[in-house]
């Protein structure tokens with residue numbers, strides 16, 4: 001089948017969860033024998049080597065030139081104006097490529113880009129890959145005292161975005177139900193993030209290093225700061241020989257470089273409006289502890305998971321699928337997660353259903369004092385992931401089967 005995969009983002013290099021998902025979907029489509037034509041918006045941060053890597057997977061690759069909008073186009077209530085992020089002229093270009101490549105199915109990444117589907121020939125099946133629920137997102141962030149740097153729309157607008165598609169890919173069953181309800185349809189199918197199992201051949205005899213891997217956004221920054229704070233308080237009460245490694249580009253969000261007087265003014269302003277700055281002064285002392293190591297972006301993800309004894313997913317808010325949880329399970333490493341972190345995957349383990357950050361830390365101490373639990377957690381991760389990836393592949397493949405009917 002000839003498939004046009006449209007995305008505003010590249011699928012190399014894999015630095016964020018959304019990019020990782022597109023990357024894996026592209027590879028899966030090729031494994032299934034489809035011809036895939038990747039079309040993306042011009043990205044000024046993409047290097048020639050990144051383009052070369054993408055061209056090794058995609059059958060063809062085309063770039064739509066555009067200039068990103070400098071301002072958020074929001075109304076007085078904080079919702080993005082309908083179709084305000086759509087790059088003018090993109091639909092006409094997509095229509096041309098559909099005819100040029102004899103496209104049978106188009107995959108559109110994000111609801112914000114769904115206007116392109118209005119330009120697609122009527123015989124082409126239209127899929128929207130949502131990545132996440134966008135309704136009332138800014139209200140959700142405000143409630144949790146997190147900087148609003150994400151797209152947010154009304155439920156009514158999200159329904160209009162989605163109604164342009166024949167098939168809607170949702171990340172979790174809860175979102176599938178939500179999308180079907182607001183569109184008054186059965187278009188939504190749960191198609192989650194997945195990747196091939198790459199279980200490590202590692203022996204665990206004791207727990208000496210734990211790690212968090214997170215990308216660059218305000219939700220992750222809040223999560224990491226709060227975890228480091230609570231972990232440091234626990235270590236002060238009961239010190240153990242354990243190192244905490246913080247990896248990923250979340251470092252850039254936490255330690256954003258600002259001149260001191262601007263930082264002070266920012267903290268005053270954000271305290272007045274009740275919102276956290278990228279990192280509050282009160283958190284800094286916890287990152288200075290000798291057992292906390294912030295390493296930033298890692299060149300090889302496998303090296304990170306090989307180096308730690310437990311992967312932590314202490315996120316307490318969020319929608320969609322947690323890509324870092326999927327990734328850690330794919331490596332078969334011991335994982336301790338919150339209830340929010342495991343959503344979208346099936347596990348009965350008490351170590352994957354922590355209700356709070358404090359509960360995560362208690363579980364860490366439990367494993368530290370009984371390292372034999374590490375082997376049990378390895379087995380749980382592997383079994384959980386094998387079931388998950390098999391189901392994920394089946395749903396992904398079946399969604400394309402619906403297209404072929």
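FYI, it's all coordinate maths here, none of it is from the lab. Note that this is a predicted model, so its numbers are computed, not measured. Quick reminder, even Gly has a Cβ in these numbers, built from the backbone with ideal geometry, and neighbours come from all protein chains shown.
Work out how much length residue 59 to residue 297 would gain on full extension: take 0.36 nm times their residue separation and subtract the Cα-Cα distance, in nm to one decimal. Don't skip to the answer; put the middle values down first.
Details: separation 238, 0.36 × 238 = 85.68 nm, distance 2.99 nm.
Contour length minus Cα-Cα distance gives 82.7 nm.
The calculated P(r) of the range 2-191, using every Cα pair and 5 Å bins from 0, goes 1, 7, 16, 20, 21, 18, 11, 5, 1, 0 in percent.
Suppose R0 equals 60 Å; then what is the FRET efficiency for residue 239 and residue 119 from their Cβ-Cβ distance, rounded to the nearest 0.05? Numbers along the way, then the final one.
Values: r = 62 Å, r/R0 = 1.04.
Plugging the Cβ-Cβ distance into 1/(1 + (r/R0)^6) gives 0.45.
At a Förster distance of 25 Å, what's the computed FRET efficiency of residue 92 paired with residue 16, Cβ-Cβ distance as r, to 0.05?
Working: r = 29 Å, r/R0 = 1.16.
Result of the calculation: an efficiency of 0.30.
With both bridge residues required to lie in the range 2-191, what share of the DSSP beta bridges run antiparallel, to the nearest 5%?
Values: 1 of 28 bridges.
Bridges in the range 2-191 that DSSP calls antiparallel: roughly 5 percent.
Which label marks the calculated value of Cα extents along the principal axes in Å, given the options (i) 78, 60, 43; (ii) 65, 50, 43; (iii) 59, 58, 52? Working out Cα extents along the principal axes in Å from the coordinates points to (ii).
Over the chain, dividing the summed -39,500 (n - 2.57) contributions of all DSSP H runs of at least 4 residues by the number of residues returns a 222 nm mean residue ellipticity of -13000 deg cm²/dmol.
Axis angle, to the nearest 10 degrees, between helix 373-404 and the longest C-alpha principal axis of the chain: 10 degrees.
Restricting to Cα pairs below 8 Å that are 6+ residues apart, what does the relative contact order work out to for the chain? Please round to a whole percent. List each step's numbers first, then the result.
Details: 710 pairs, mean separation 56.9, N = 405.
Reported relative contact order: 14 percent.
Coordinate range of the alpha-carbon atoms in the range 143-219 per principal axis, descending: 53, 32, 17 Å.
With Cα atoms defining each centre, the range 1-80 and the range 364-386 are spaced 36 Å apart in the structure. Beta-bridge orientation, the chain: approximately 0 percent antiparallel, per DSSP, counting only bridges with both partners inside. In the elastic network of the chain, a GNM with C-alpha springs shorter than 10 Å, the most mobile of 303, 59, 157 is 303. Between the Cα long axis of helix 90-100 and the first principal axis of the chain there is an angle of about 60°, rounded to the nearest 10. The order of 169, 66, going from fewest to most other C-beta atoms within 10 Å of their C-beta, is 66, 169.
Between the beta carbons of residue 200 and residue 77, assuming R0 = 56 Å, the FRET efficiency works out to 0.70 to the nearest 0.05.
A simple spin-label model places pseudo-atoms 7 Å from Cα toward Cβ; at residue 42 and residue 84 they are separated by 2.4 nm.
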